[in-house]
Amino acid sequence: MRKLYLSLLTGVIISIIVLGWLIDTLNEQTSPDDDSFFWQAKLLVGIANQASSTPVNKRLEFVEKAGQDFNLTISYHSGASLALPSEVTEQMYRPQGLLIDSDEGYFYLLKSTPQLKPDYIELQLEKPPERNSYDVILTLAFYSGVCALMWFVLAPLAKRLSVLTHAAKQFASGNLDTRIEVNHFTYIKDVELTFNRMANQIEKLLAENKLMASSLSHDIRTPVACLRFGFDAAMEEDDIQEVHLLLERMEKDLDQMEDMLSSYLSFATLEQKSHLLKFEPIKLNGYISDVVTQMHPKMSKKGLTANISIDPELLIEADLHWLARAISNLLSNACDFANMQLFVSANIHEHEIEINVEDDGPGIEQENWNKVFNPFFQEQGHRNRAGKSYGLGLAIVAKVVDWHHGKATVSRSELLGGAKFTLILPCKAVSQSVQNN
């Protein structure tokens with residue numbers, strides 16, 4: 001939106017400056033000349049100075065003869081005959097004299113000097129022909145020009161808003177593939193990108209909801225069928241001990257259903273927590289070491305060891321709770337499939353931080369690398385190996401990384417030969433106080 005504000009402001013300023021200059025130029029060429037009596041005033045000054053040096057009894061004759069010589073209507077008057085306020089008559093002693101308008105179609109230019117005071121010399125001048133007034137035309141031209149230039153600035157905005165409106169209507173009608181092709185010259189690039197992100201998020205949420213409904217309806221059939229079988233068998237069984245065994249089996253099926261529903265509902269409400277993120281800076285080495293320490297009971301149970309390789313001075317700014325959740329999910333997944341050891345590392349590349357979790361397990365088939373972060377996905381050979389697993393751990397990892405505007409990938413570990421999960425997060429500015437700790 002900043003580009004829009006700057007464009008509007010620039011357009012207004014340029015239009016006012018350019019149009020104002022053009023109109024001033026035109027006005028100067030068409031407006032009457034305020035100094036049209038300049039040479040008459042200069043001539044009258046010379047005559048007044050000559051009359052000042054002429055004897056008083058000959059001044060009238062001198063002025064009349066000057067008028068005849070220059071073919072001008074000049075007369076000499078006594079100051080007593082001039083009925084004007086003193087502040088007005090004082091203007092006669094200025095170089096330009098006193099110009100008086102009359103209803104007879106004439107101007108009267110009055111001039112005097114201290115030597116002539118209170119008498120004065122009067123020069124009668126014909127009014128120049130009136131010129132047409134261009135004020136209304138120039139005003140209309142100015143505002144028309146401003147409107148034209150503003151239209152030139154706002155037309156692309158109106159066009160992009162029309163594109164945005166059309167895309168929103170298409171998306172609202174059910175066409176979830178609708179996206180805006182962002183133009184680099186648009187004023188509302190941020191709005192268009194936000195619309196595309198919103199559309200991607202909505203499409204992703206709807207797809208997850210459909211997948212969740214489909215997966216839940218599929219996965220819950222097994223425990224329900226087991227419950228039905230156990231209930232029917234218990235109803236027909238006469239041996240009390242056998243009935244107790246069936247009831248224990250049914251209780252396990254109910255526990256499995258409860259765990260399944262809890263996991264599904266937890267994932268379904270996960271998106272509601274994205275606006276609660278609180279980013280904080282921290283040194284990555286100690287932070288990940290604490291997360292690995294929390295996983296020690298599970299690693300000890302399986303006889304696994306974990307090595308950490310992170311620069312002690314490497315800093316990261318993230319939501320510490322959810323990032324720890326994502327890393328612990330990766331560590332838990334690695335523990336399920338590792339044989340002997342795990343390796344956790346982190347490094348920085350340009351403006352991105354990479355966090356790697358590697359194991360020496362069987363790894364993930366390459367054709368499934370783009371699927372493992374989808375909700376409810378599990379490789380066929382890995383199903384049921386990790387106990388109560390519903391394919392949501394890595395989906396949560398992908399969602400947390402997406403909240404941080406990063407990405408999660410999987411590949412083959414060159415060091416250990418198993419799976420290698422990588423979290424790529426953008427670097428953020430870290431306060432100096434944290435850097436010094």
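The values are calculated or read from the model by the stated rules, or taken from the named source; none is laboratory data. As the structure is a prediction and not an experimental result, all values here were calculated from the model. Ideal geometry is used to build each Cβ from the backbone, glycine not excepted, and the neighbour counts take in all protein chains shown. What goes into the accessible areas is simple: the full protein's heavy atoms, side chains included, and nothing from ligands, DNA or RNA. Shrake-Rupley method; radii C 1.70, N 1.55, O 1.52, S 1.80 Å.
Among (1) touching a helix residue (DSSP H, G or I) at 6+ places or on another chain (Cβ under 8 Å); (2) surrounded by 19 or more Cβ atoms within 10 Å (Cβ to Cβ); (3) farther than 25 Å from Leu277 by Cα, there is one condition Pro362 misses while meeting the rest; what is its number?
So Pro362 meets the others, but not (2).
Quick one: how many residues across segment 102-125 are modelled with pLDDT of 80 or more and exposed (fewer than 12 other Cβ atoms within 10 Å of the Cβ)?
Residues that pass the stated criteria total 1.
Any residue at all in segment 81-91 that's in contact (Cβ under 8 Å) with a residue 40 or more places away in the chain, open to solvent by less than 60 Å² (accessible area, probe 1.4 Å) and not basic (Lys, Arg)?
So far as segment 81-91 goes, no, none of its residues is in contact (Cβ under 8 Å) with a residue 40 or more places away in the chain, open to solvent by less than 60 Å² (accessible area, probe 1.4 Å) and not basic (Lys, Arg).
Does segment 13-35 include one or more residues that are over 60 Å from the mean Cα position of the chain (by Cα), among the charged types (D, E, K, R) and modelled with pLDDT under 85?
No, segment 13-35 contains no residue that is over 60 Å from the mean Cα position of the chain (by Cα), among the charged types (D, E, K, R) and modelled with pLDDT under 85.
Name the strands (runs of 3 or more DSSP E) wholly inside segment 302-355 in which the number of residues that are of a type outside the set (Gly, Ala, Ser) and surrounded by 19 or more Cβ atoms within 10 Å (Cβ to Cβ) is 2 or more.
315-319, 341-349
Here is a yes/no grid of residues against (1) in contact with a Pro (Cβ under 7 Å, 6 or more places away or on another chain); (2) assigned to a helix (DSSP H, G or I); (3) farther than 30 Å from Ile17 by Cα; (4) among the hydroxyl-bearing types (Ser, Thr, Tyr):
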residue: Met150; (1), (2), (3), (4): no, yes, no, no
residue: Leu154; (1), (2), (3), (4): no, yes, no, no
residue: Thr165; (1), (2), (3), (4): no, yes, yes, yes
residue: Lys169; (1), (2), (3), (4): no, yes, yes, no
residue: Leu176; (1), (2), (3), (4): no, no, yes, no
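Residues of segment 274-301 being among the charged types (D, E, K, R) and open to solvent by 80 Å² or more (accessible area, probe 1.4 Å), which ones?
Lys278, Asp290, Lys301
For segment 42-75, which residues satisfy the criterion of being open to solvent by 40 Å² or more (accessible area, probe 1.4 Å) and hydroxyl-bearing (Ser, Thr, Tyr)?
Ser53, Thr73
Need the failing condition index for Ala199 against (1) modelled with pLDDT of 75 or more; (2) open to solvent by 60 Å² or more (accessible area, probe 1.4 Å), just the number.
(2)
Taking segment 101-117 only, how many residues are touching a helix residue (DSSP H, G or I) at 6+ places or on another chain (Cβ under 9 Å) and closer than 21 Å to Gly67 by Cα?
Counting residues in segment 101-117 that are touching a helix residue (DSSP H, G or I) at 6+ places or on another chain (Cβ under 9 Å) and closer than 21 Å to Gly67 by Cα gives 8.
What is the one condition in (1) more than 23 Å from Phe377 (Cβ to Cβ); (2) at pLDDT 75 or above; (3) surrounded by 12 or more Cβ atoms within 10 Å (Cβ to Cβ) that Tyr187 does not satisfy?
The one condition Tyr187 does not meet is (2).
Considering only segment 45-80, how many residues are of a type outside the set (A, V, I, L, M) and in contact (Cβ under 8 Å) with a residue 60 or more places away in the chain?
4
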